[in-house]
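Here the structure is laid out as structure tokens; the discussion comes afterwards.
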Amino acid sequence: MEIGIGLPNAVRGVDRRGIVEWARRAERAGFSSLGTIDRIVFPNYESLIALSAAAAVTERIRLLTDILIAPLRSNTALLAKQVATLDSLSEGRMVLGISVGGRPDDYETSGVDMSRRGRIFDQQLVDMAEIWSGERGVGPVPFRGSRPQLLIGGTTAKAFERTARYADGWTTGGGGPAAVAGGRPGVLEAWHAAGRAGVPRIVALCYFGLGEGAGGQAARTLGDYYGFAGPYTQMVIDSAVTDADAVRSLLAGFQEARTDEVIFFPTSTDPGQVDLLAAVAFG
């Protein structure tokens, strides 16, 4: 199982150091991927731009949106061009995790009808596949000559179907090892029903903070970001791992659930968190 780390692109107060220095440290430490999460109505750094900055100061580590809310980017040709550009500049390190999201304010501010997000997303998947294959004259060509690696997020049968039809794998979002174990059979069933060879890649995310005051910092950060979610907010806060034993236990759980990669998203902008996590995860 590979271990990635999120950029603090959605932690309030993030600055250049929280992207550039963080990315350098993550690559040196041996993490497999740098991840981002996505919102519009929040003072976060936009995912593709943050990953572009990270790409410029790294050579090996993958660049993963986990996830990007695709229907908010209503110009699908532009989105496909941006992703292909980042994939080319990073020499094939781009992994596009995409889904539909669920924040009404993000959709309202973006001028996109939230009730149509599933239909918009389905058409985007078709359109992006055609663009990346060169059918519409929109370049650049992705680095390996075909589309970038693609993951679909979501926990519904429709999300599993989209994974099987269009993508290389599935990303669970939150929910811990239980979410992976619960969703994996549905993903595999859809994959085989679609006649796909091999098995889909399965990626999961979790939240972490380590060191003095980590629990309080996690509560503030996640309470801020997920404050719209009612009772679910406290569930997210409680799921964050804030000491070494909890990190090890969570890793063991994801391993047992047959997760291919887990991304630890931070609750602090301090690049020192990269080194603290590496010492536990790889020590």
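General observations
- Enumeration of residues in segment 221-262 that are without any contact (Cβ under 8 Å) to a residue 12 or more places away in the chain, among the small types (Gly, Ala, Ser) and more than 28 Å from PRO104 (Cα to Cα): ALA246, SER249, ALA252
- Test: THR233 is β-branched (Val, Ile, Thr) and surrounded by 23 or more Cβ atoms within 10 Å (Cβ to Cβ): no
- Filter pass, LEU79 being buried (at least 23 other Cβ atoms within 10 Å of the Cβ), under 19 Å from ALA167 (Cα atoms) and at pLDDT 95 or above: no
- With respect to the stated conditions, VAL262 fails to be modelled with pLDDT of 95 or more, β-branched (Val, Ile, Thr) and in a helix (DSSP H, G or I).
- Restricting attention to segment 158-188, the residues that are of a type in the set (D, E, K, R) and closer than 20 Å to THR36 by Cβ total 1.
- Search result, residues across segment 130-152 that are over 19 Å from GLU91 (Cα atoms) and among the small types (Gly, Ala, Ser): GLY137
- Entry remark, segment 9-60: residues being surrounded by 24 or more Cβ atoms within 10 Å (Cβ to Cβ) and charged (D, E, K, R) number 1 in total.
- Residue in segment 218-228 that is closer than 27 Å to THR163 by Cα and basic (Lys, Arg) present: no
- Candidates in segment 207-231 are the residues that are in a helix (DSSP H, G or I) and of a type in the set (A, V, I, L, M, F, W, C); of these, the one that is farthest from the chain's Cα centre (by Cα) is ALA214.
- Matching residues, segment 196-214, being surrounded by 14 or more Cβ atoms within 10 Å (Cβ to Cβ), over 16 Å from PRO8 (Cβ atoms) and out of contact with any Asp or Glu (no Cβ under 8 Å at 6 or more places or on another chain): ARG196, VAL199
- Counting the residues of segment 194-253 that are among the hydroxyl-bearing types (Ser, Thr, Tyr) and farther than 27 Å from LEU151 by Cα gives 1.
- Residue, nearest to PRO104 (Cα to Cα), within segment 27-66, restricted to residues that are assigned to a helix (DSSP H, G or I) and more than 16 Å from the chain's Cα centre (by Cα): ALA53
The values are calculated or read from the model by the stated rules, or taken from the named source; none is laboratory data. The structure presented is a predicted model; accordingly, all values stated were derived computationally and were not measured. Don't worry about glycine lacking a Cβ; one is built from the backbone with ideal geometry, like all the others, and counts go over all protein chains shown.
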